1. Could you check the spin-label model distance between residue 1 and residue 21? Points 7 Å from the Cα along Cα→Cβ, value in nm.
2. Could you tally the net charge around residue 4, taking each other residue with its Cβ under 14 Å from the Cβ of residue 4, Lys/Arg +1 and Asp/Glu -1?
3. Return the carbon/sulfur percentage of the accessible area of the chain, one whole number, probe 1.4 Å, all protein chains in place.
4. Taking the Cα centre of the chain as the origin, how large is its charge dipole in debye, to the nearest 20, when only Lys and Arg (+1) and Asp and Glu (-1) carry charge on their Cβ atoms?
5. How much mean residue ellipticity at 222 nm does the chain get from its helices, if each DSSP H run of length 4 or more adds -39500 (n - 2.57) and you divide by all residues, to the nearest 500 deg cm²/dmol?
6. Scan around residue 26 for amide H atoms under 5 Å from its own, H built in the peptide plane at 1.01 Å from N, and keep only partners 5 or more places away or cross-chain.
7. What distance in nm separates the simple spin-label points at residue 40 and residue 56, each placed 7 Å from Cα in the Cβ direction?
8. To the nearest 10 degrees, how steeply does helix 5-17 sit against the main Cα axis of the chain, on a 0 to 90 scale?
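The values are calculated or read from the model by the stated rules, or taken from the named source; none is laboratory data. Small disclaimer: the values here were computed from a predicted structure and weren't measured. Heads up, the Cβs are rebuilt from the backbone with ideal geometry, glycines too, and the neighbour counts pull from every protein chain shown. Quick note on the areas: whole protein, heavy atoms, side chains included, nothing else; ligands and nucleic acids left out. Shrake-Rupley method; radii C 1.70, N 1.55, O 1.52, S 1.80 Å.
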Amino acid sequence: MQALEPEIVDFTRRLIRVPTVNPPGEGYVECAELIADTLSRLGFQVRSQPAEGMPQHTARHPRVNVVGVRE
């Protein structure tokens, strides 16, 4: 686990830099893309799914769920 510490810290720093201000919900797509790209790079199969039907999900402030699976 200690060997992964630099990568974990770097990922956390990149996440913190994304201004996901809520409300209203800005930066969520950028954050989801960062998570999806990172998971993909680590060998996960990644799917991003808009949170359609949820009241917080709007055209102006979309919410995106990221699902990563690695077999």
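1. Result: 3.6 nm between the two label points.
2. Details: positive: 41; negative: 5, 7, 10.
Its environment carries a net charge of -2.
3. Details: 2990 of 5480 Å².
In the chain, the share of accessible area belonging to carbon and sulfur is 55 percent.
4. Numbers: 8 positive and 9 negative charges, 24 e Å.
Its charge dipole is roughly 120 debye.
5. On the way: 2 runs with 27 residues, N = 71.
Computed ellipticity for the chain at 222 nm equals -12000 deg cm²/dmol.
6. Sorted by chain and number, the residues that satisfy this are 21.
7. For residue 40 paired with residue 56, the spin-label model returns 2.4 nm.
8. The helix 5-17 is inclined about 20 degrees to the chain.
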